[in-house]
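The values are calculated or read from the model by the stated rules, or taken from the named source; none is laboratory data. Computed from a predicted structure; not experimentally measured. Counting neighbours? That spans all protein chains shown, and the Cβs are built from the backbone with ideal geometry, glycine included. Side chains included, ligands, DNA and RNA excluded: accessible areas come from the protein's heavy atoms. Shrake-Rupley method; radii C 1.70, N 1.55, O 1.52, S 1.80 Å.
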Amino acid sequence: MTDAQAPAQPQTQTGTNPIAPAPAGARTAADVVTPELIAQLTKGVVGSGRTANHTPFTGEKLADLPESTPEDVEKAFQAARKAQPVWERTPVRQRAAVLLRFHDLVLERQAEILDLIQLETGKARLHAHEEVQSVAVTARHYGRKASAYLKPKRHAGAVPTLTKVTELRHPRGVVGQIAPWNYPLELSVGDALPAFAAGNAVVMKPDTETCLTALWARDLLIEAGLPEDVFQVVLGDGPVVGPEIVKHADYVSFTGSTRTGREVAQGAAARLVGVSLELGGKNAMLVLEDADIEKAAAGAVRACFSSAGQLCVSIERLYVHEAVADAFLERFAARTKAMRLGTSLAYGADMGSLAGERQLETVTRHVEEAVEKGAKLVAGGVARPDVGPYFFEPTILDGVSEPMSVCTEETFGPVVSLYRFRTDDEAVEQANATPYGLNSSVWTQDSRRGREVAARLRTGTVNINEGYASAYGSVQSPMGGMKDSGLGRRHGSEGILKYTEAQTVAQQRLLPMAPSLGMDDEKYAQFMSRSLRVMKAFRFR
C-alpha cells in the first residue's frame, strides 16, 4: 500500500475506454460537502491549526479542516484515557449493542457515506459500496460474537482438581490507529470496531485527504451510543502526527506502506507496545488450464481494477497456463477495454480515479518503463485528463520481465502484468517469488486441486475462483499478511483479541505446589515425578 500523494506530471494521450454518462440531476461536491456538514463532523477533532482536503475527481478543495499539533495529539490521548475506564466497565453486551445499532445506521444512511467516499477517494460507487458492505459485516460479527471472544475461559491447571485456572481478557487501554486513504471507511472505523467492543478507547489519525469519511463514521458511532471521548480523531501530516500516535498509544494499528510500517514497528518496539500492521502487496492470480475462462476473465477485471487497483489485496500479477493464456487474454482484454470511466455520484461507472498525483506518477512510470523495455501494451496504458486529472485507463501488460519496475514493485493502480506457466509447480514458485505475501487467487474447476495449490501459496489469504472478496468478506476468519506484507491479523478472534491483554488467574486448592503432608524435598520430587507419568498415561494436557 502506498503513502500519501506528491506532485508529478505524467504524459497523456487520447484513450479508448468509454466515459459513463452522468445521470440528470446528479449531485455535486457542493451539494454533499456543505458548511453545516463540515462543522458537524469536525467539532470533535482536536486541532489548533488549519489544513484542507481535495477531491480526486477534479482536484478541487473539498473542505477546510482542523490540523493537529503534537500537543493536540497529547490532549486527545488524555481525553481518551479519562473516558476509557468507564467504557471498560460497561458490560460487553452493551458495548456490542453499539456496534449492532451502528450496523443498522450505516445501511440506512449509506447514500450519505457513498457520496463522501466517492468524493474523497475518486472511486466508482459500486467500489465505494464494498466499504459499506465490509463495515456492516464487521459490525454485525463483533456485535454478535464479542461476548464469546472475550468471556473468561477455563483451562486445565498444573495439578488436576487442585489447580483452577481462568484466562481473562482486559482491554489494552487507548489504541492508536493510523488509517490510510484508499479505503477510508473500512480501514478506519472497520478496524476500530473490535477495539471498542473489547473496551478500549481509540485515537485515530485518518489520512487528511479522506478524513471526512472517517469523521462521518465517528459521528454515526456516537449516535449509536458510543461515548464521545472514547473515540478521538486527530488530523495532520503523517511524519508529524503519526509518530505522536505511536509515542502515546498502548497498542498501535497501522495500515499503509511497508516502508512506513517498519518505522511504526520500530517506534512501538522501543516502548514495548504491541502493533498490528497491514502493509504492501504484489498479489498474484493463478489461472490453471482447467479454469472456466469466461468466469476467470470477469473475475480478473474485479480483482485487478476495483478502486482503480488501489486496494491492498488487488491483483497485480496474472499467471495463466500456456494452454489457455491466449483465450484468457482475449476475453480479459475485451472486458477491460469496455470498462466505463466516470466521476458522477451514482452507479454506472466501472472504474473511478486514482487518488492523486503521486499515484498517477507511479502508474505512468511503471507502464512507460515497461513498454520502453519491450513489454506489450494489450489494453489501456494512458492517462485520461478528459475524464479527470488523475484518471488512468485500466491497463494490461504482456511480456513483462525483470528489471522492469512493474515486475516487482507494488504499483497500487489499475495495472496488471500477465505471465505464462506450464506446471502448477512453476506457477506456485513464481507467485511466491516476492517479498510480499498478502493475498492471492486460484482459478480452477477442480476444487481439490484448487485447495492443494492454495495451501502452497505464502499469502495470508487465498481465494479460489474469486479475486479477494470471498476471503476478506469472511470476517470470522483472520485476514492479514505474511513476509513484508505485515504483522497480525484483522477479523475473527485474532482481530479482537489483539486489542486485549491476556491474564491467567490460577487458584491453588487443598495442597500447595511444594512439599507437604510430611514429605521432604526428595520424597516430594519422587511424588511429582510419578504424578507426571500418571498424567501422561491418562492423556492429561
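Can you check what the net charge comes to around K295, using other residues whose Cβ is under 13 Å from the Cβ of K295 (Lys, Arg +1; Asp, Glu -1)?
Details: positive: R302, R331, R335; negative: D290, D292, E294, E466.
That works out to -1.
In whole percent, and with a 1.4 Å probe on the protein chains, what portion of the accessible area of the stretch 410-541 is carbon and sulfur? C and S atoms contribute 52 percent here. The figure for S68 is an accessible area of roughly 10 square angstrom, using a 1.4 Å probe on the protein chains alone. Distance from the Cα centroid of the stretch 171-208 to that of the stretch 448-513 is 19 Å (rounded to whole angstrom). Accessible-area rank, largest first, for V175, V92: V92, V175, with all protein chains present and a 1.4 angstrom probe.
The equivalent ellipsoid that matches the C-alpha gyration tensor of the chain spans semi-axes of 44, 32, 19 angstrom, in descending order. For the stretch 170-186, backbone phi angles converted through the Karplus equation (6.51, -1.76, 1.60; θ = phi - 60°) give residue-by-residue couplings of 10, x, 5, x, 10, 8, x, 10, 10, 9, x, 8, 7, 10, x, 8, 5 Hz, Gly and Pro being listed as x. The H on the amide N of S353, modeled in the peptide plane, is under 5 Å from the matching H of K123, A124, each at least 5 residues off or on a different chain. Computed over protein heavy atoms with a 1.4 Å probe, the accessible surface of the stretch 299-358 works out to 30 Å² per residue. Taking the Cα centre of the stretch 355-429 as origin and assigning +1 to Lys and Arg Cβ atoms and -1 to Asp and Glu Cβ atoms, the resulting dipole is close to 260 debye. What FRET efficiency, computed as 1/(1 + (r/R0)^6) with R0 = 35 Å and r the Cβ-Cβ distance, is obtained for R451 and Q40, rounded to the nearest 0.05? Efficiency, from the Cβ-Cβ distance: 0.10. Using 0.36 nm per residue and subtracting the Cα-Cα separation, the extra length available between K82 and S516 on full extension is 151.5 nm.
Taking all protein chains as they are arranged and a probe of 1.4 Å, the heavy atoms of R101 leave approximately 110 Å² accessible to solvent. Remark: spin-label model distance D64-A327 equals 6.2 nm, labels positioned 7 Å along the Cα→Cβ axis.
Fully extending the segment from E108 to E289, taken as 0.36 nm per residue of separation minus the present Cα-Cα distance, adds 60.7 nm.
Over the chain, DSSP H runs of length four or greater, each weighted -39,500 (n - 2.57), average out per residue to a 222 nm ellipticity of -13000 deg cm²/dmol. Normalise the Debye intensity by I(0) for the stretch 418-534, one equal point scatterer per Cα, no solvent, then take log10 at q = 0.15, 0.16, 0.18, 0.22 Å⁻¹ and round to two decimals. At q = 0.15, 0.16, 0.18, 0.22 Å⁻¹ the computed log10 ratios are -0.74, -0.81, -0.96, -1.27.
Extents of the stretch 363-430, largest first, come to 44, 20, 20 Å (Cα atoms, principal axes, whole angstrom). Across all Cα pairs in the stretch 462-502, the calculated P(r) in 10 Å bins from zero up to the longest distance comes to 29, 49, 19, 3 percent per bin. Measuring nothing but how far apart in sequence close Cα pairs (under 8 Å, 6+ apart) lie, relative to its length, the chain scores a relative contact order of 20 percent.
When the accessible area of the stretch 8-115 is computed with all protein chains present and a 1.4 Å probe, what percentage of it is carbon and sulfur? That fraction is 52 percent.
Counting only protein heavy atoms and a 1.4 Å probe, the stretch 4-122 has 53 square angstrom of accessible area per residue. Averaged over its residues, the stretch 382-449 has an accessible area of 36 Å² per residue, based on protein heavy atoms and a 1.4 Å probe. Given the pairs K75/K164; K145/K483; K153/K282; K75/K498; K205/K282; K123/K483, which are separated by over 32 angstrom at their Cα positions? Checking Cα-Cα distances, K75/K164; K153/K282 exceed 32 Å.
Once you have a ≥ b ≥ c as the square roots of the Cα gyration tensor eigenvalues for the stretch 222-308, tell me rounded if a/c is under 1.5, and otherwise prolate or oblate according to whether a/b is larger than b/c. Don't skip to the answer; put the middle values down first.
On the way: a/c = 3.11, a/b = 1.93, b/c = 1.61.
Prolate, since a/c reaches 1.5 and a/b exceeds b/c.
Straightening the chain between M482 and S529 buys 12.7 nm, computed as 0.36 nm per residue apart minus the Cα-Cα spacing. Computed from Cα atoms, the angle from the helix 125-150 axis to the main principal axis of the chain rounds to 0 degrees. Ordered from highest to lowest accessible area with the whole protein assembly present and a 1.4 Å probe, V462, V273, V534 read as V534, V462, V273. Computed on the Cα atoms alone, the convex hull of the stretch 474-541 gives a volume of 199 cubic angstrom per residue. In loop segments of the stretch 434-541 as defined by DSSP, the chymotrypsin sites (Phe, Trp or Tyr not before Pro) with at most 13 further C-beta atoms inside 10 Å of their C-beta are F538, F540. Against the chain, whose longest principal axis is taken from its Cα atoms, helix 293-305 shows a tilt of about 80°. Annotation: V313 carries an accessible surface of approximately 10 Å², with a 1.4 Å probe and no ligand, DNA or RNA atoms counted.
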